[in-house]
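Scroll down for the structure; my scribbles are underneath it.
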Amino acid sequence: MASGSSVGVGVLFENAEVTTSGRPVLRRNEVECFLLSSVDFDSEDDPPRFTALKSGNLILTTHRLIWIPSQSNGAVPSLIPLAAVTHIFSHKKSIKSMFHSPRIRFQADPGSIVVTIVFRGKGDFDGFLTKFWECWRGRAWEEEEKTESETSLSGSGTVAQGLYGNDGTVRMVGLAGILRKEQEQWESTDKSLQDAFQDLNALMSKAKEMVSLAEKMRQKLLSAPSSQNGLTDDEEMGSKEEMQQWMLSVGIISPVTKESAGALYHQELSRQLADFVRIPLEQAGGMISLTDMYYHFNRARGTELISPDDLWQACTLWEKFDVPVMLRKFDSGVMVIQNKSHSDEEVMSRIRMLVTKTETLRAGVTASDAALTLKIAPAMAKEHLLTAETKGLLCRDMSPDGLRFYFNLFPEIDPTNLHIVKDFGTYGVWVKATSMLSV
Amino acid sequence: MQKLADFKLPPFFNYPPYFTLQPVRDTREKQIQLWKELILDYCKSQKIFLIGVEDDFPLFSNSAIDRSLSHEAREAFLSAIVGEGRAEWLDKGHRKCLILWHRIQDWADMILQFVRDNGLEDSVMTVEEIRTGTESHGTELQGIDRTILMRALKLLENKGKLALFKGTSADDEGVKFSV
């Protein structure tokens with residue numbers, strides 16, 4: 001159709017201001033609430049009261065209905081202020097409506113013209129209708145008018161008299177003033193809550209856009225680096241890293257890919273974690289429980305905390321990369337992070353040195369003793385002692401005093417000759433050490 | 001070295017882990033072996049034929065290191081001896097254990113030797129006399145547990161080496177040798 005929204009229509013459709021990339025220019029406080037494509041504005045009257053607008057994007061905001069043509073067919077971006085809407089017809093679903101594109105009818109001034117919106121594309125039609133009602137009832141434009149009129153009146157300089165100040169606001173005096181103040185506070189809280197929810201709704205509808213944006217970014221970042229456009233590798237890596245950092249900090253997670261292994265978020269987190277883990281790990285003596293690491297990592301991050309599940313996922317990804325740390329699960333179910341170089345042998349030899357000292361030969365060690373000597377957390381110490389027991393280096397002594405571990409002498413004792421004590425071996429040392437005590 | 005009566009205890013009797021049932025398999029197997037040998041040695045030296053699991057059996061605790069075996073441990077060690085055929089549970093509840101520091105077969109052999117040594121090849125004796133009579137003084141048969149003796153005698157009876165017969169009272173069970 002040729003341009004003609006101005007023909008015979010008066011001010012039903014105003015021209016909508018758009019940016020160079022086709023996005024509507026929003027007024028202050030105006031928030032987008034819904035976006036649908038393939039929408040027509042029709043007049044079902046005969047003869048039509050206005051020229052139909054065909055095939056455009058419909059943007060519902062808190063203040064207006066904005067229609068932007070999707071093809072450059074000469075049509076002009078147009079809008080109807082919600083303030084001009086006088087009535088929204090209820091939408092009855094009938095058998096006939098099942099076969100047609102959904103449509104909404106409303107009346108708008110001037111002239112109470114009936115406008116039909118036809119939704120030819122896929123979209124959440126019911127959601128739109130709900131939002132339409134909400135925004136229309138929300139009457140966000142009235143708040144603005146009030147603010148505008150208030151600011152235009154300020155600065156007249158006369159002394160305020162009576163209950164009303166010179167700027168049109170109510171003065172807070174006396175009991176009436178206190179009550180009024182409370183009332184206003186309540187109203188403003190209520191309003192800001194409403195606004196907040198409106199913003200939230202707008203954000204939610206933006207979320208879909210954001211997800212597709214994030215997906216595009218992800219694709220771009222994952223694609224093989226090339227320096228065709230003159231960027232050096234460093235620069236490109238730098239900007240890519242920046243992009244990754246930014247995405248991570250904003251917390252953009254592509255919901256589709258988070259489930260699949262190797263999602264960008266977890267990969268990035270995994271590498272970050274491997275770097276971060278180095279120092280706490282050293283301080284903890286080479287092994288740190290997953291819960292302790294959760295505490296350290298989130299404390300360092302400050303905000304944008306990660307969930308325990310994210311942490312665990314990040315750790316499990318380490319086996320895919322070449323990082324010097326690993327996640328390890330003990331039989332008891334305790335999970336720890338340890339240096340790959342930190343082998344069991346190293347800990348075992350430290351424990352062996354500990355339990356073959358004269359004092360510990362005689363009296364054994366508890367988990368807390370070991371923790372102090374080996375300079376590791378008591379829970380870690382216990383795991384190590386249990387592992388040593390399983391390997392046959394230690395054996396246990398359970399008594400009312402608690403659980404203690406001793407160097408395992410059983411292998412050195414000869415069952416065919418119970419009284420023999422070999423000269424070499426720890427058994428002999430133990431006999432000497434204990435005989436010094438016996439009466 | 002510690003002693004229980006005149007029995008010399010081995011050094012590891014003062015090793016606290018010895019009194020805790022070890023969870024690790026290899027360690028436990030070694031521990032069981034040591035307890036088996038110790039119990040059998042001790043019972044043989046003290047002529048103990050019966051151990052009650054709940055009893056204050058001297059080996060089960062060591063006051064010097066303030067340790068004693070749990071019920072579970074005691075049962076585990078005694079069961080191991082039973083498993084090897086060197087003991088028998090006298091009840092299903094595993095409360096009383098008959099210690100065979102000589103096997104029944106060994107006892108039977110000793111009885112035969114006893115018969116030959118004393119020229120009793122065709123004689124008659126009461127069971128009680130075998131245990132406590134002058135002939136048995138200084139031999140291993142002296143003070144042998146009645147249950148064990150009867151088992152050994154029955155074993156020999158099955159081999160046709162003797163015949164058991166009841167006397168006028170329960171104490172009067174007798175044996176006719178035909179070695």
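A crude spin-label estimate for the pair A:Arg120 and A:Glu44, with each label 7 Å from Cα along the Cβ direction, gives 1.8 nm. Residue-wise HN-Hα couplings along the stretch B:40-57, as the Karplus relation 6.51 cos²θ - 1.76 cosθ + 1.60 with θ = phi - 60° gives them from phi, are 5, 4, 5, 4, 5, 5, 9, 6, 9, 10, 10, 10, x, 4, 7, 6, 8, 4 Hz; Gly and Pro carry x.
Using 1/(1 + (r/R0)^6) with R0 = 22 angstrom and r between the beta carbons of A:Val76 and A:Gln107, what's the FRET efficiency to the nearest 0.05?
Computed FRET efficiency for A:Val76 and A:Gln107: 0.45.
In the assembled protein chains, A:Glu187 presents an accessible area of approximately 80 Å² (probe radius 1.4 Å). In this simple spin-label approximation, B:Ala76 and B:Leu164 carry label points 7 Å from Cα along the Cα→Cβ vector, and these lie 3.7 nm apart. What are the GluC sites (Glu not before Pro) within the stretch B:10-82 that DSSP puts in a loop, where the Cβ has at most 15 other Cβ atoms within 10 Å? Listed in order of number, the matching sites are B:Glu54.
Quick note on the stretch A:294-340: its Rg to Rh ratio, both from C-alpha atoms and Rh being the Kirkwood radius, is 0.99. Computed over the stretch A:285-439, relative contact order equals 18 percent, with contacts defined as Cα pairs under 8 Å that lie 6+ residues apart. By the rule of a C-alpha distance below 17 Å, with chain neighbours fewer than 8 residues away ignored, the lysines paired with A:Lys208 are A:Lys122, A:Lys131, A:Lys216, A:Lys258.
Note on exposure: A:Leu200, A:Leu65 ranked by accessible area (1.4 Å probe, complete protein assembly) read A:Leu200, A:Leu65, with the most exposed listed first.
Computed from backbone phi with θ = phi - 60° and the Karplus coefficients 6.51, -1.76 and 1.60, the 3J(HN,Hα) list for the stretch A:118-123 is 10, 9, 8, x, 7, x Hz; x is used for glycine and proline.
For the residue pairs A:Lys54/A:Lys220; A:Lys432/B:Lys47; B:Lys92/B:Lys159; A:Lys329/A:Lys375; A:Lys382/A:Lys422; A:Lys432/B:Lys8, the C-alpha atoms sit more than 27 angstrom apart in A:Lys54/A:Lys220; A:Lys432/B:Lys47; B:Lys92/B:Lys159; A:Lys382/A:Lys422.
Can you pull out the buried accessible area for chains B and A, both sides counted, probe 1.4 Å, rounded to the nearest 100 Å²?
Buried surface at the B/A interface: approximately 2100 Å².
Accessible area per residue, 1.4 Å probe, Å², for the stretch B:1-156: what's the number? Result: 46 Å² of accessible area for each residue. Taking a straight line from the alpha carbon of B:Lys3, these aspartates and glutamates sit under 19 Å away, with near neighbours fewer than eight places off in the same chain left out: B:Glu37, B:Asp41, B:Asp56, B:Asp66.
The apolar share of the surface of the stretch B:3-99, taken as the fraction of accessible area on carbon and sulfur atoms (1.4 Å probe, ligands and nucleic acids excluded), comes to 44 percent.
If contacts are Cα pairs under 8 angstrom and at least 6 residues apart, what is the relative contact order of the stretch B:22-113 in percent?
It rounds to 29 percent for the stretch B:22-113.
Restricting the stretch A:353-422 to trypsin sites (Lys or Arg not before Pro) that sit in a DSSP loop and have at most 15 other Cβ atoms within 10 Å of their own Cβ leaves A:Lys357, A:Lys375, A:Lys391, A:Lys422.
Straight-line reach from B:Lys161: taking Cα to Cα under 19 Å and skipping same-chain neighbours fewer than 8 places apart, the lysines in range are B:Lys176. Each listed q (0.19, 0.20, 0.22 Å⁻¹) maps to a log10 I(q)/I(0) for the stretch B:40-165 from the Debye sum over equal C-alpha point scatterers, namely -1.04, -1.12, -1.27.
Per the Debye formula on identical point scatterers at the alpha carbon atoms of the stretch B:104-177, with no solvent, log10 I(q)/I(0) at q = 0.20, 0.21 Å⁻¹ is -0.78, -0.87. A DSSP coil position with no more than 14 other Cβ atoms inside 10 Å describes the following chymotrypsin sites (Phe, Trp or Tyr not before Pro) in the stretch A:8-97: A:Phe89.
The values are calculated or read from the model by the stated rules, or taken from the named source; none is laboratory data. Here the structure is a predicted model, which means the values were calculated and not measured. Methodologically, a virtual Cβ is constructed for each residue, glycine included, from the backbone with ideal geometry; neighbour enumeration extends over all protein chains shown. The area values use the complete protein model at the heavy-atom level, side chains included, leaving out ligands, DNA and RNA. Shrake-Rupley method; radii C 1.70, N 1.55, O 1.52, S 1.80 Å.
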